[in-house]
Amino acid sequence: MNNNIGKIIKVAGPLVVAENMMGGKMYDVVFVSEQRLMGEIIELHGDKASIQVYEETGGIGVGEPVYNSGQPLIVELGPGMMEAIYDGIQRPLDMIYDEAGDYIPRGIQIPALDREKKWKFEPMAKKGDEVKRGEFLGFVQETSLIKHYIMVPDGIKGKLKEIKEGKYNIEETIAVIETEKGGVEINMLQKWPVRKPRPFCRKLAPEEPLYTGQRIIDTFFPIAKGGTACVPGPFGSGKTVIQHQLAKWATAEIIVYIGCGERGNEMTDVLLEFPELKDPKSGDPLMRRTILIANTSNMPVAAREASVYTGVTMAEYFRDMGYSVALMADSTSRWAEAMREISGRLEEMPGEEGYPAYLSSKIASFYERAGRVRCLENDKHRIGALSVIGAVSPPGGDLSDPVVQATLRVVKVFWSLEAELAYSRHFPAISWLNSYSLYTDNLKSHIQEEIGEDFYEFQTEAMKILEEESELEEVVRLVGLDALSSTDRLTMLIARILREDYLHQNAFHDIDTSASIEKQHKMLKIILYFNQKAGDYISRGADIEEIENMDVLDRIARMRYIDEKDINKIDDIENAIDNEISSLLEE
Amino acid sequence: MLKDYKGISNISGPLMLVKGVEGVKYGELVEIKLGDGSMRNGEVLEVEEDKALVQVFEGTTGIDAKETKTRFLGRGIQMYLSPDILGKIFTGLGKPKTENDRIIPEKKLDISGNPINPYARDYPNEFIQTGISAIDGLNTLVRGQKLPIFSGSGLPHNKMAAQIARQSKVLGTEESFAVVFIAMGITFEESEFFIQDLKKTGALSRSVLILNLADDPAIERIATPRVGLTCAEYLAFEKDMHVLVILTDMTNYCEALREVSASRKEIPGRRGYPGYLYTDLASIYERAGKIKGRDGSITLIPILTMPEDDKTHPIPDLTGYITEGQIILSRPLNKKKVSPPIDALPSLSRLKDKGIGEGKTRKDHSDIFNQLYAAYARGKEVQELAVILGEAALTDMDKIYYKFADEFEAKYISQGEYENRSIEETLDLGWKLLSMFPRERLKRISDEYLDEYLPRFKKEEKEVAK
């Protein structure tokens, strides 16, 4: 591998051109100069290779060597990934901190997974079994929340000659498989090139909802396990808070969170907060099911380009074990900008807004790695799902931005964040008028079975009220509120309740931060019950102001703060509504 | 050892191409000696075979192709540092401005710095009291935050920045801030205003000034913020000081960057700014923060004037995506003589939630902040409505909102340049204004706080009424 040493002939920012690179392949990883800065070949002309370097290139000059590793960019897969924090090329940031201190020095190489740590391997397959790729050999209890299954690596098929129980590190042999070409020793460490999707048996249509605990999402614009969603919005509209909320409360078993070109302090927030937060089911820290990838905006731009692939490959690996995995990428715009920067340095002909012409195909193929799949396996039905939620940061919040448009063409859920809502401190600032979810029909039967037949009637009715409100607002703007009929004013009132007491959700409130679908169902029911009763009362000639001043409105406003344990108390409000209205009738 | 190269093959804009060089490194500092003996500085932007592309900080005026000599120094731009930099003034390239500003260096640091490991960061959560209600109460600043001021030409952003620098303190401690003031392309008058203000308050002796004024070379500005931040990092992380960095004006910095990019014939992004503007700005802004196990911190306040007050212009837009919030100044408020004219609705501090509440400010802070915001937003809406329909058409409740929005601007946001309000005063003022609403309208405040605080202010109002 070292007999072919290239020589640098050009350095321009993160782009380095080297000659004498015969034998190099596209996307091979290379090491630049004696400092061994990691890079990747992105263009070949004769024996000249253009290399995007994942680290700062200051101090690199013409004539320095380039070593080709002969391998594409890979990630290491095996026990030890949970709770880790990696940079865009899977270098463990916690270990870099231990070794090098506060700053990330150049050229530092630390393996992604701990080579020393011993894991207790428990076999599931027996000696003599016929095994092939993707099948479970055994598992390691990696954290209290996650069983890390060890699968037969790609391309290996044969009879299990030997399998060992006990404590091993990830490089020790735990099994031997007798293949056609002879015995193959298997350890717990696997490697996979990041730009190649991991194989599966076949894709399935998503039909199970991924609950997020966010009322506007679960009720109106749900996402499916294995689905894709995007959250575009201008700065300050709360993209990152939504991504964090999903990472905390989504009903996925594993979370991969990619901080791609975003703020360093946001990653610190996640790092400090997640170990404190408890998984609602098990009570264990949420960090135990989370992998973080942090390539903040001041870290090298080429590694930012790689970070989404690093993340999605790790996510696919856990999907292959049959888990439901959710991947959050914040923000895909920074990833696209990294592509634009590299493309500009390569002097490629630009497409829209200077982005490379292949922007939309790259975005499409990234989101296409999501999905609900039958995993590789023969007998049992192992189904894994990978949901991808990407934040997009369009300049000026302008949705005609090429990254937004290319993303909207492939994703099925669109949560549109609006600056206007954010200014009035309505969070999550997801617009109920512009957002959509194409999964509503797929998920319908599942949700009806789980929650109740009436959930969709409620949802439709509530949405109708909100839409009516926006029309009525136009009228109010012209003629004033007093000119509306009592029925219309009731609609305005109910819409306000829906907006302020249902859709608005405080991410920083202990209880309000997440609501189960059962609670959402009950809350919606009460609001619409009130609508119905108040409507009856108005038809009997009541004045709207009487209704606006009802005491029960306060209880409705506060139902969001009712603990999940006591959600049956929400049902009592029905009686309170009846009582108050009948006492009003008596007067 | 270091070789001199004579002659330059191409000069264009701020760039020159030197041919026949050997062993030149990317990012290296270059000394340029002109035919008349004067010296200039440059930086290598690109090396290709035996050619080096050099960006000349002082501009290429007067450089001739034949006589000019270049010397490659084998290192990047370095800043000489010692605790004595406090009270000194440096040029945009980090050289002492006058003889008096010379120091005996204890350390040399490369100005480009290394990225802070996100794992090493400590989350900023210590409340800084600036004495300005619109910041403390609504857009709370915390130590280690980067909070820009989005302004426009003719708005009093400098006065506000000076007020922040003058009044900032962390509650319960007597430590004050060291100030690093970084000027990029601002006028002499503006910089003199800051210097005089720092002098008046005696803060000059704990300040470092890096000045690149409007008549200084424009390309030098590309190095200026990095020089200043290197000083800040030294003071914060090696000398355990709390450093407040004021960067003004980022718009001039970005224009210098655009000039270089255009001379290199790069493919432009929006409005002619280079595609890597985001990454470049991030490499400046992200140097703010706190590091685990270190006592110091860097709090960054960049000021930028938005061309045509347009928030979607690439400079404010990209800045807003990197910084942790923004304070936006508004021209209509300035016309109404609200001082400082902070536009509360689009302003935001992302880190406030961790910096407020019990033990930091007061337990009711978060609720009262939410309520003030909501009420002010509603009040502004009502005011718009009233323009169309006339005030008479408003409901009684809407009339209260209308009045509230006016009072809020006049009493809460507006306070004048020299009023220093404590956080208690700011929060109480909020309660006082909110007490004009009936209790059930204050939905965003929990019952507990309503019980505790509201009666106090309601009573006061009644007494006044009597």
Legend entry - Of all residues in the range A:23-48 being within 11 Å of residue A:70 (Cα to Cα) and open to solvent by 50 Å² or more (accessible area, probe 1.4 Å), the one that is modelled with the lowest pLDDT: A:23
Legend entry - Of all residues in the range B:116-162 being out of contact with any Leu (no Cβ under 7 Å at 6 or more places or on another chain) and open to solvent by 10 Å² or more (accessible area, probe 1.4 Å), the one that is nearest to the other protein chains (Cβ to nearest Cβ): B:122
Inset, instruction - Among the residues of the range A:325-342, write down those that are in contact with a Gly (Cβ under 8 Å, 6 or more places away or on another chain) and open to solvent by 10 Å² or more (accessible area, probe 1.4 Å). - result: A:337, A:340, A:341
Inset, instruction - Give B:24, B:54 a once-over and let me know the one that is within 18 Å of residue A:8 (Cα to Cα) and buried (at least 20 other Cβ atoms within 10 Å of the Cβ). - result: B:24
Legend entry - Subset of the range A:237-265 [open to solvent by less than 10 Å² (accessible area, probe 1.4 Å), outside any loop (DSSP other than H, G, I, E, B) and either charged (D, E, K, R) or within 14 Å of chain B (Cβ to nearest Cβ) (or both)]: A:243, A:245, A:257, A:258, A:259, A:260, A:264, A:265
Legend entry - Residue pairs meeting the criteria (Cβ under 8 Å; at least 6 apart or on separate chains; first closer than 19 Å to residue A:421 by Cβ, in the range B:363-385; second open to solvent by less than 10 Å² (accessible area, probe 1.4 Å) and β-branched (Val, Ile, Thr)): B:370/B:445; B:371/B:445
Legend entry - Test: residue in the range A:381-394 that is more than 14 Å from chain B (Cβ to nearest Cβ) and assigned to a loop (DSSP other than H, G, I, E, B): yes
Inset, instruction - Could you tell me which residue of the range A:527-560 is most open to solvent (accessible area, probe 1.4 Å), considering only residues that are modelled with pLDDT under 95 and β-branched (Val, Ile, Thr)? - result: A:538
Legend entry - Among the candidates A:111, A:123, A:72, residue that is in contact with a Pro (Cβ under 6 Å, 6 or more places away or on another chain) and surrounded by fewer than 20 Cβ atoms within 10 Å (Cβ to Cβ): A:72
Inset, instruction - Quickly run through the range A:53-72 and pick out the residues that are small (Gly, Ala, Ser) and either outside any loop (DSSP other than H, G, I, E, B) or more than 8 Å from every other protein chain (Cβ to nearest Cβ) (or both). - result: A:61, A:69, A:70
Legend entry - Hey, residue B:132 among the β-branched types (Val, Ile, Thr), closer than 29 Å to residue B:252 by Cα and in contact with a strand residue (DSSP E or B) (Cβ under 6 Å, 6 or more places away or on another chain) or not: no
Legend entry - Candidates A:543, A:488, A:566, A:572 - the one that is within 14 Å of chain B (Cβ to nearest Cβ) and of a type in the set (D, E, K, R): A:543
Inset, instruction - Specify the residue that is surrounded by the most Cβ atoms within 10 Å (Cβ to Cβ); the eligible residues are those in the range A:278-297 that are more than 7 Å from chain B (Cβ to nearest Cβ) and among the hydrophobic types (A, V, I, L, M, F, W, C). - result: A:293
Legend entry - Candidates B:427, B:394, filtered to the one that is closer than 21 Å to residue A:475 by Cβ and touching a residue at least 12 places away in the same chain (Cβ under 8 Å): B:394
Legend entry - Sole residue being buried (at least 23 other Cβ atoms within 10 Å of the Cβ) and touching a helix residue (DSSP H, G or I) at 6+ places or on another chain (Cβ under 6 Å), chosen from A:275, A:300, A:234: A:234
Inset, instruction - Please specify each residue of the range A:424-436 satisfying the condition of being open to solvent by 20 Å² or more (accessible area, probe 1.4 Å) and under 13 Å from residue A:220 (Cβ atoms). - result: A:432, A:433, A:434, A:436
Inset, instruction - Return the total of residues in the range B:222-243 being open to solvent by 10 Å² or more (accessible area, probe 1.4 Å) and within 16 Å of residue B:103 (Cβ to Cβ). - result: 2
Inset, instruction - Say whether the condition of being part of a loop (DSSP other than H, G, I, E, B) and aliphatic (A, V, I, L, M) is met by at least one residue in the range A:206-221. - result: no
Legend entry - So residue B:207, is it among the polar types (S, T, N, Q) and more than 16 Å from residue B:81 (Cβ to Cβ): no
Inset, instruction - State which residue is nearest to the other protein chains (Cβ to nearest Cβ) when the search covers only the range B:346-366 and only residues that are open to solvent by 30 Å² or more (accessible area, probe 1.4 Å) and either closer than 15 Å to residue B:320 by Cβ or out of contact with any strand residue (DSSP E or B) (no Cβ under 9 Å at 6 or more places or on another chain) (or both). - result: B:353
Legend entry - Members of the range A:452-466 found to be open to solvent by 90 Å² or more (accessible area, probe 1.4 Å) and at pLDDT 95 or above, listed by number: A:464
Inset, instruction - Test each condition in (1) open to solvent by less than 20 Å² (accessible area, probe 1.4 Å); (2) at pLDDT 90 or above; (3) over 28 Å from residue B:370 (Cβ atoms) for residue A:442 and report the one that comes out false. - result: (1)
Legend entry - Filter result for residue B:80 (buried (at least 17 other Cβ atoms within 10 Å of the Cβ), at pLDDT 90 or above, more than 23 Å from the chain's Cα centre (by Cα) and more than 13 Å from chain A (Cβ to nearest Cβ)): yes
Inset, instruction - For residue B:70, work out the one condition from (1) more than 14 Å from every other protein chain (Cβ to nearest Cβ); (2) touching a Ser or Thr at 6+ places or on another chain (Cβ under 7 Å) it doesn't fulfil. - result: (2)
Legend entry - Among (1) in a helix (DSSP H, G or I); (2) open to solvent by 30 Å² or more (accessible area, probe 1.4 Å), the one test that residue A:510 misses: (1)
Legend entry - Of the criteria (1) assigned to a helix (DSSP H, G or I); (2) away from chain B (no Cβ under 12 Å); (3) open to solvent by less than 20 Å² (accessible area, probe 1.4 Å); (4) touching a residue at least 60 places away in the same chain (Cβ under 8 Å), which one residue A:497 fails: (2)
Inset, instruction - Sort out which residues of the range B:379-424 are within 20 Å of residue B:442 (Cβ to Cβ), of a type in the set (Asp, Glu) and open to solvent by 20 Å² or more (accessible area, probe 1.4 Å), and write them in order of number. - result: B:381, B:396, B:406, B:407, B:424
Inset, instruction - Sort out which residues of the range A:343-372 are within 20 Å of residue A:52 (Cα to Cα), over 27 Å from the mean Cα position of the chain (by Cα) and either crowded, with 22+ Cβ neighbours inside 10 Å or more than 10 Å from every other protein chain (Cβ to nearest Cβ) (or both), and write them in order of number. - result: A:344, A:345, A:346
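The values are calculated or read from the model by the stated rules, or taken from the named source; none is laboratory data. Just so it is clear, the model here is predicted, and its values are computed rather than measured. Counting neighbours? That spans all protein chains shown, and the Cβs are built from the backbone with ideal geometry, glycine included. Areas reflect the complete protein model, heavy atoms only, side chains present, ligands, DNA and RNA absent. Shrake-Rupley method; radii C 1.70, N 1.55, O 1.52, S 1.80 Å.
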